[in-house]
Amino acid sequence: MNNKYMIIILMVFILTGCSTSYQKRNIYLVFTYGYTDEEIEPGKYSIKFRGQRGDELGMLRRYWHRRASELCPGGYSEASAPANDHALDINAYTGLNIIGIPYIEGIAECK
């Protein structure tokens, strides 16, 4: 019986550890994931989301819209839709070329 529960617990950890969770990205660490945002003018935000290898871009788009909704609770329009899907992300801090990391960015304008 104990082995059965241990296997179930192990499987839960394995399955939940394989996808990116919704969180703010720590930009000071190279291999981190999550969102970053910047208010480029009042009510207008640049939102970027970096996933992990193997994440689906559809999930990153949903996370992008989630962050836009948090920043603009009264609604938003996509001044620049999150269509800039990148399979290649150049890390600006190190110049390191990270191949296969899904990345999405766009601009949300609050209504």
Open item on the list: When you scan region 57-64, do you find a residue that is in a loop (DSSP other than H, G, I, E, B) and at pLDDT 90 or above, even just one?
Closed with: no
TODO: Being under 19 Å from K111 (Cα atoms), touching a residue at least 12 places away in the same chain (Cβ under 8 Å) and out of contact with any Cys (no Cβ under 6 Å at 6 or more places or on another chain) is the filter here, so list the residues in region 57-75 that pass it.
DONE: W64, H65, R66, R67, A68, L71, G74, G75
TODO: Would you mention how many residues in region 92-105 are at pLDDT 55 or above and at negative phi?
DONE: 6
- [ ] Those residues that are in contact (Cβ under 8 Å) with a residue 24 or more places away in the chain and either hydroxyl-bearing (S, T, Y) or surrounded by 15 or more Cβ atoms within 10 Å (Cβ to Cβ) (or both), I need them from region 34-56; list them, please.
- [x] Y35, D37, K44, Y45, S46, I47, K48, F49, R50, G51, Q52, D55
Open item on the list: Of the conditions (1) touching a Leu at 6+ places or on another chain (Cβ under 6 Å); (2) modelled with pLDDT under 90, Y45 satisfies every one except a single condition; which number is it?
Closed with: (2)
Open item on the list: Looking for something under 13 Å from A108 (Cα atoms) and aromatic (F, W, Y) - is there at least one such residue anywhere in region 33-45?
Closed with: yes
Open item on the list: Return the residues of region 1-27 that are modelled with pLDDT of 75 or more, in a loop (DSSP other than H, G, I, E, B) and either basic (K, R) or exposed (fewer than 11 other Cβ atoms within 10 Å of the Cβ) (or both); say none if nothing qualifies.
Closed with: S21, R25
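The values are calculated or read from the model by the stated rules, or taken from the named source; none is laboratory data. Everything numeric here is computed off the predicted structure, so don't read it as measured data. Methodologically, a virtual Cβ is constructed for each residue, glycine included, from the backbone with ideal geometry; neighbour enumeration extends over all protein chains shown.
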